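Below you'll find the structure, written out as structure tokens, and then a few comments.
The values are calculated or read from the model by the stated rules, or taken from the named source; none is laboratory data. As the structure is a prediction and not an experimental result, all values here were calculated from the model. FYI the Cβ positions are ideal-geometry reconstructions off the backbone, even for glycines, and counts take in every protein chain you see.
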Amino acid sequence: MRIIRALPREASPTRLIIHMFLLRYLCGIILHMKTLREYIKEAGDKGVAIGHFNISNIEALHGIYNAAKKLNVPVIIGVSEGEEEFIGRNEIVALIKEIRENDNYPIFLNADHHYSFETAKKSVDAGFDSVIIDIADKSFDENVQITKECVDYVKASGKDILVEAELGYIGSGSNIKDTIPEGAGILTTVEDAKKFVEMTGIGMLAPSVGSIHGLIKSGKPHINAELVKEIRDAVGIPLVLHGGSGLRDEDFTNGIKAGISIVHINTEIRLAYKEALEKFLKENPNEIAPYKILKPAVEAIEEVVYNRLKLFNNI
Ligand SMILES: [Zn+2]
């Protein structure tokens, strides 16, 4: 308002244009938000981690966002190939962008575990903030080749999109497992991690450091914090911890202190959602309004996410 009032009564068109540019510039400074890359760096410097939570629908997004806002911390929303297809690729991009710009809040969108260059490419084109190309169950050379193809594609696009890749198989699927799946859980070596990052040029690495995707009934996995630190020092890029569901608090805190900058949680959210939904339907068999039926599920997700974010952000 002051700028407008300060204008001389008979402002020339040139002066008016200069003032308009000045106003836009000032608004730009006020509204400038750090990029995901900058938030991840900041988390690393502070010794905390950004929480990454998956969604299949807008209810889960509300639960996660409510929790993040209560703690005022940045948050990453993830959609896997299946989740992305269910919710709609362009729809979720538009939704996150709208929240981020409207609320001026650091909420970002990640294309979680995309198993081919073709699907990762679609997420890059749609405007995700980061993308995970996961070729970890294939050979080292094939993993390098497809990951590099993805990195090159993002570079050529000119967009500021972070590419993450996984090295060392930690299993797949955010579900409940009786035992650790065969072939999963082989730890990533420091040498392989260093070679892989140099050969591909990725922005973030998800190494296998003890966790397994999903919830394991036969016992909780354990994070090798020493290995996390060695890999982080060797590769020089942020590390991401997958398969966080069900880990002990100290496994998270030790891993984060050792160099984990993002932690993924999915199975715990799915379980909270399902249990709250089941309970409500059992207790209220005549209720048919979706916004009433799903309210406890949103709150259950919010509670899980709130507790995890507190831990990851050392609050
Ligand atoms: Zn994962």
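Residues in the range 104-124 that are in contact (Cβ under 8 Å) with a residue 12 or more places away in the chain, under 21 Å from Arg89 (Cβ atoms) and either out of contact with any strand residue (DSSP E or B) (no Cβ under 6 Å at 6 or more places or on another chain) or not small (Gly, Ala, Ser) (or both): 14 in all. Scanning for something at pLDDT 95 or above, on the phi > 0 side of the Ramachandran plot and within 15 Å of the ligand (Cβ to nearest atom), does the range 114-121 turn up at least one residue? Looking for residues that are at pLDDT 95 or above, on the phi > 0 side of the Ramachandran plot and within 15 Å of the ligand (Cβ to nearest atom), one finds none in the range 114-121, hence no. Restrict the check to the range 270-289 and report whether at least one residue is of a type outside the set (A, V, I, L, M, F, W, C) and within 16 Å of the ligand (Cβ to nearest atom). Yes - at least one qualifying residue is present in the range 270-289. Scanning the range 229-250 for residues that are within 16 Å of the ligand (Cβ to nearest atom) and either over 18 Å from Leu167 (Cβ atoms) or in a helix (DSSP H, G or I) (or both) yields Ser245, Gly246, Leu247.
As a summary of the residue check, Asn143 satisfies the conditions (1) within 16 Å of the ligand (Cβ to nearest atom); (2) assigned to a helix (DSSP H, G or I); (3) within 20 Å of Ile262 (Cα to Cα) except for the one numbered (3).
Determine if the range 183-190 includes at least one residue that is away from the ligand (no atom under 16 Å from the Cβ), in a loop (DSSP other than H, G, I, E, B) and buried (at least 19 other Cβ atoms within 10 Å of the Cβ). Among the residues of the range 183-190, not one is away from the ligand (no atom under 16 Å from the Cβ), in a loop (DSSP other than H, G, I, E, B) and buried (at least 19 other Cβ atoms within 10 Å of the Cβ), which makes the answer no. Restricting the range 61-87 to residues that are more than 14 Å from the ligand (Cβ to nearest atom) and in a loop (DSSP other than H, G, I, E, B), the residue that is nearest to the chain's Cα centre (by Cα) is Pro74.
The residue that is surrounded by the fewest Cβ atoms within 10 Å (Cβ to Cβ), counting only those in the range 206-228 that are out of contact with any Asp or Glu (no Cβ under 7 Å at 6 or more places or on another chain) and in a strand (DSSP E or B), is Leu215. Per the conditions (1) charged (D, E, K, R); (2) assigned to a loop (DSSP other than H, G, I, E, B); (3) modelled with pLDDT of 95 or more, the sole criterion not satisfied by Arg37 is (2).
Assuming Val124 fulfils every condition listed in (1) away from the ligand (no atom under 14 Å from the Cβ); (2) assigned to a loop (DSSP other than H, G, I, E, B); (3) β-branched (Val, Ile, Thr) apart from one, which condition is it? Unmet condition: (2). Which of the residues that make up the range 255-269 are within 16 Å of the ligand (Cβ to nearest atom) and either β-branched (Val, Ile, Thr) or in contact with a helix residue (DSSP H, G or I) (Cβ under 8 Å, 6 or more places away or on another chain) (or both)? If the condition is that a residue be within 16 Å of the ligand (Cβ to nearest atom) and either β-branched (Val, Ile, Thr) or in contact with a helix residue (DSSP H, G or I) (Cβ under 8 Å, 6 or more places away or on another chain) (or both), then Gly255, Ile260, Ser261, Ile262, Val263, Ile265, Thr267, Glu268, Ile269 are the ones that fit. Answer yes or no as to whether Lys138 is away from the ligand (no atom under 15 Å from the Cβ), within 29 Å of Leu61 (Cα to Cα) and part of a loop (DSSP other than H, G, I, E, B). So Lys138 does not fit the description; no. All of Glu287, Glu303, Glu268, Glu299 fail the test of being charged (D, E, K, R), surrounded by 19 or more Cβ atoms within 10 Å (Cβ to Cβ) and either at pLDDT 95 or above or within 22 Å of Val228 (Cβ to Cβ) (or both), apart from Glu268.
Among the residues making up the range 43-90, a single one is in contact with a Ser or Thr (Cβ under 9 Å, 6 or more places away or on another chain) and of a type in the set (Lys, Arg): Arg89. So which residues in the range 146-182 are within 16 Å of the ligand (Cβ to nearest atom), in contact with a helix residue (DSSP H, G or I) (Cβ under 8 Å, 6 or more places away or on another chain), polar (S, T, N, Q) and within 22 Å of Ala120 (Cβ to Cβ), if there are any at all? Selection gives Thr147, Ser174.
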